[in-house]
Every structure is written in structure tokens, then in C-alpha cells.
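Novice: Sharing a structure, written as C-alpha cells. Questions coming.
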Ligand code: XMP
């Protein structure tokens, strides 16, 4: 993967759970940052010439036989190093200090105090003497290596932070990247600017401009094909390509009839014949094909498979019509690259890419114009490119769409019910200003019918389930506590406005044990 010519901070990953967060925090400070596995060689580090290196947390103990260590020379390259949690213990251990198991583990919010030396530290500029940090450790630094001074302590940790200014080495036992560390952002900013002397040259406008130039050079007069899903990643990728090569780009948008209300038209409004972007846009209204293939199918995995396969088939038919293409665009983003490439973190679920790679299309090369960006950066690139907010701010939506939010068999009637109910729910949450704090929120159609009473009559209708979760990474999530008045309002609107529904339930389950989607 080639990197931009910007200044870079290198994050060496030792398998901790907040590693992506560190990179995001650095980038929020307008400095480009890459996450690499701890096995990244010294030669490659020298070649990369990072302005600073951050060693992450990790599950190991530095003193065991199977501990993963850093090459010791990393501490004498003359590049500033910040060790976080396991990274701090690694620095202590490898430079001659002592790490041992703590009598008491520290987890969660912890009081932290700067020492007299700490109050003078470049790392702690504008940080209060007494504050709160986020801890998650069972080992601690019992003795600092020669040349280091202790800059912070906690009730359990004699060395909550240490530094050797002459060698530009800094370490915190706590996690500055986690928002619960009150001055964590400030500390990372201090490291980046005070210690590493970065200038902050990672800006979305220059990324966009540069990508367009590079795409132009690479593609020449080649033909490019892009599958638009309606989601933010493929939309931003498409606009970037359109700015680069205009009508050499064809976007195929397969409407499988399982999108949310108005979604297909919204995509067409942006990319269709009245588009302000130059490109060829093909919308395929394929819903009947999908409903036919889904008839009688109740198993979730089978539904996923059918939707994925049919999607590929439709896409294939359309791409054959446009003839040979040179490049195929994929909306891969940086978390996908990290998760699939580093080997330390969990692998992305395969079902999260609709149908996988279309290997039947005859193309020379895959282009992934967003593979260096985090989701929030993709959104700002989208804004930079003039995409409307309703697309830029779209919450993640699974490839199989409403198909996996309808429990049991999918029918056109059920899709219609769910679309209406889901629209009301999302509309009310947006109006109440709650949407922006939620990772995902949607309605699902349960396969349950129950007795109700409306007017003087008995009903026997479906129950709608409402879901809203807070999550950082979609691997774990907690059910959001929505205000009761809002839930009541949504309930009342759904049962009154959506024919076929007489009951509304709220899902209070977290992930685990449930998943975010219902199937
Ligand atoms: P779960 O339900 O596994 O979802 O907790 C985690 C995240 O993944 C999305 N998801 C999918 N995305 N195809 C996709 O493209 C799928 O089959 C699929 N299943 C779940 C889900 O929306 C959430 O963001």
C-alpha cells in the first residue's frame, strides 16, 4: 500500500483493543497515521521515516517467554516513541527497567497525579495536575530504566507515566486515546506537536485533490466500473472517480427492493441523469427478481446467500452490456485493511461484503480509493466533494438490507410494512436530535403476530421491534436508553399509520449476547 507523502506517525500494533482509536486520534490532529503489526521491520521503519512511533497496548506480559517484543533499536533511532500500556512496559523492560504483576489490577477510570517533573513535561502541557485516566492493566512498571524520570502516578501505579527527554522516549501506563482519559486528546496532541514536531499537513481537501490527480494518472483513458450500494463508502468512491475521469466511469446501482424508504430515489437524485457529477449511471430495478428468489426461504444465512448471489448476477448482466472494463472500484476503507491485514485483531465477518468480489467481470485491476481513510474521514471527503448530508451521514446499512430485518420469509407486503415503520422511527429520532449519538437505529419486522384491538374490532397483526445501539466498532454494542416519550410517540405513529402492525417492542439487548441485526 503506498502512502501519501504526508508526515506520518507509525502505530506499532501489539494486539490491544484500542489500536484503531489511537490512529484515529492522531489523524483528528491532522497528522497522517498508519497502523502496522509489531513485526514491521526496522528497515521498513527507517524507509517510512515516521515523525513519531506509538507502541500500543496488548494482552501479553513482557516478562513471559512468549512475550512479543519490539526490536530494541527502535528506541535509539532518534525518532520520538510513545509507549502506551503494554507499550510502556515494553519500553521499561527492554531498556533495563523492571515490570511485574501488580498486586491489584486497575481497570477503568482512575485518579492520576502529575509529579513535579510531570508538571514540566512536554507531554503534559495544559494538563491539570490531578485528573482522571483510563486504565486496563495487570502488570506495572516497578522500576524505571536508567535515564527515565517518573512523570505521573496513580494509587496503584508508582509509574503511571515516565519519560527520558534526552532520548525522546515517553510512556503512559494509561490509555490517552480513550475518551475517559480527561486530557488524553491533549496528551496525544502534545506528543504529536511538542515532541514529534509535526506540522499537521493531513487535510481532507488536499487528500481529495491529490487522489484525483493520482487516479487520473493511473487510469489514463481506461474504463472504470463501480457498484453503488447507496451507502456512504461507495458513494464517496464514485464521486472521487467521477471527478477524476468523468464519463469513463459507469456506476451500476442495483435496487434489490430491500432498501429503506426513499433510499433508491435518493441515490438516483445524486447520481442519475440530473447529477451534478459527470458519470454514467445505471439503476436496475430488480426487486421482483429478489422477491421471487426469496419466496419461501426462512433461514437467515440462506437469505444472505441468495441476496448476495442475485446481486452479483444482476451486476454481471449490466456490466456485460457495457463491455470490457479496465478497473473495478471497491469501497474498502482503512479499518477493513487493518482488520484483514494485521493478524492481531479479529477478522471481519465475510458476510459483511455483499457477494464478495465479482470475479466474472473482466478487469485489469481493482481500485480502492478510500483504503487509507477511516469512516469519519470518508464522510469529510464526501462533504468536500459536495455530496448531500443525507448520503454523507448515512448510518451503516447491511448489504442484504431489510432482508435480514424481516424475520422469516421476505415478501413484498412485509417489506412495505417494515419500510413504513422504519421510516417513522428514524424520522422521529432525527427530529428529536437523538440520531447523531447512535451507532445504528432501525426497525425490524418480527415474525410474530398477536391479538390487538382497534376501534371495536379484534386485530391479529405483526409486532415491530425497534432497535437503537451505541457502539464504537460494531463488534460490541449496548442498547441505547431512548426517552420514553419518544418511544411512545413512535409506537403510536406506527400502529396508527402502518397497516398490518398492532404492537411495537423495544430491544434492550446488548451485543453480546444478541447481534445488532436480527438475523
Ligand atoms: P451484527 O448483526 O453482526 O452486525 O452485530 C454488525 C454490523 O455489521 C452489519 N451487518 C452486515 N453488513 N452484510 C453487510 O454488509 C451483512 O450480511 C451484515 N450483517 C450485519 C450490521 O448492520 C452492523 O453494522
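Novice: Do the conditions hold for residue 475, that is, is it in a strand (DSSP E or B) and either surrounded by fewer than 18 Cβ atoms within 10 Å (Cβ to Cβ) or out of contact with any strand residue (DSSP E or B) (no Cβ under 7 Å at 6 or more places or on another chain) (or both)?
Specialist: Answer is no for this residue.
Novice: Give 126, 163 a once-over and let me know the one that is on the phi > 0 side of the Ramachandran plot and in contact with a helix residue (DSSP H, G or I) (Cβ under 8 Å, 6 or more places away or on another chain).
Specialist: Numbers: 163 fails: on the phi > 0 side of the Ramachandran plot.
Step by step, each of 126, 163 is checked, and only 126 is on the phi > 0 side of the Ramachandran plot and in contact with a helix residue (DSSP H, G or I) (Cβ under 8 Å, 6 or more places away or on another chain).
Novice: Another question about this same structure. Return yes or no: is residue 264 within 17 Å of residue 388 (Cβ to Cβ), under 23 Å from the mean Cα position of the chain (by Cα) and surrounded by 17 or more Cβ atoms within 10 Å (Cβ to Cβ)?
Specialist: Details: within 17 Å of residue 388 (Cβ to Cβ): yes; under 23 Å from the mean Cα position of the chain (by Cα): no; surrounded by 17 or more Cβ atoms within 10 Å (Cβ to Cβ): yes.
Taking the combined requirement at face value, the residue does not satisfy it.
Novice: Hey, can you tell me all the residues within segment 70-103 that are part of a strand (DSSP E or B) and in contact (Cβ under 8 Å) with a residue 60 or more places away in the chain?
Specialist: 81, 82, 83, 84
Novice: Residue 216 - would you say it is part of a helix (DSSP H, G or I), at pLDDT 95 or above and farther than 30 Å from residue 471 by Cβ?
Specialist: Values: part of a helix (DSSP H, G or I): yes; at pLDDT 95 or above: yes; farther than 30 Å from residue 471 by Cβ: yes.
So residue 216 passes the test.
Novice: To continue, here is another question. Within segment 31-59, can you find the residues that are surrounded by fewer than 18 Cβ atoms within 10 Å (Cβ to Cβ) and either part of a loop (DSSP other than H, G, I, E, B) or in contact (Cβ under 8 Å) with a residue 60 or more places away in the chain (or both)?
Specialist: 37, 39, 41, 49, 59
Novice: Return the total of residues in segment 398-442 being under 29 Å from residue 295 (Cβ atoms) and either without any contact (Cβ under 8 Å) to a residue 24 or more places away in the chain or assigned to a helix (DSSP H, G or I) (or both).
Specialist: Within segment 398-442, residues that are under 29 Å from residue 295 (Cβ atoms) and either without any contact (Cβ under 8 Å) to a residue 24 or more places away in the chain or assigned to a helix (DSSP H, G or I) (or both) number 19.
Novice: Can you tell me which residue among 458, 503, 493, 449 is surrounded by 17 or more Cβ atoms within 10 Å (Cβ to Cβ), more than 16 Å from the ligand (Cβ to nearest atom) and part of a strand (DSSP E or B)?
Specialist: Answer to the check: 503.
Novice: To continue, here is another question. Among the residues that make up segment 301-314, is at least one of them closer than 18 Å to residue 228 by Cα and in contact with a strand residue (DSSP E or B) (Cβ under 6 Å, 6 or more places away or on another chain)?
Specialist: Yes: segment 301-314 contains one or more residues that are closer than 18 Å to residue 228 by Cα and in contact with a strand residue (DSSP E or B) (Cβ under 6 Å, 6 or more places away or on another chain).
Novice: Within 15 Å of the ligand (Cβ to nearest atom), more than 30 Å from residue 206 (Cα to Cα), crowded, with 20+ Cβ neighbours inside 10 Å and at pLDDT 95 or above, is that true of residue 421? Steps first, please.
Specialist: Working: within 15 Å of the ligand (Cβ to nearest atom): no; more than 30 Å from residue 206 (Cα to Cα): yes; crowded, with 20+ Cβ neighbours inside 10 Å: yes; at pLDDT 95 or above: yes.
The answer is no for residue 421.
Each row is one residue, and each column tells you yes or no for (1) surrounded by fewer than 19 Cβ atoms within 10 Å (Cβ to Cβ); (2) closer than 25 Å to residue 419 by Cα; (3) at pLDDT below 95; (4) within 16 Å of the ligand (Cβ to nearest atom).
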position	(1), (2), (3), (4)
232	no, yes, yes, yes
239	no, no, no, no
274	yes, no, yes, no
297	yes, yes, no, yes
301	yes, yes, yes, yes
311	no, yes, yes, yes
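Novice: Let me ask you something else. Quick one: in segment 381-400, of everything that is within 9 Å of the ligand (Cβ to nearest atom) and closer than 15 Å to residue 422 by Cα, which residue is surrounded by the most Cβ atoms within 10 Å (Cβ to Cβ)?
Specialist: Applying the first criterion (within 9 Å of the ligand (Cβ to nearest atom)) to segment 381-400 yields 395-400.
Imposing the further condition that a residue be closer than 15 Å to residue 422 by Cα reduces the set to 395-398.
On the way: 395: 14, 396: 14, 397: 19, 398: 21.
My answer is 398.
The values are calculated or read from the model by the stated rules, or taken from the named source; none is laboratory data. This structure is a prediction, so every number in the text was calculated from the model and none was measured. Quick reminder, even Gly has a Cβ in these numbers, built from the backbone with ideal geometry, and neighbours come from all protein chains shown.
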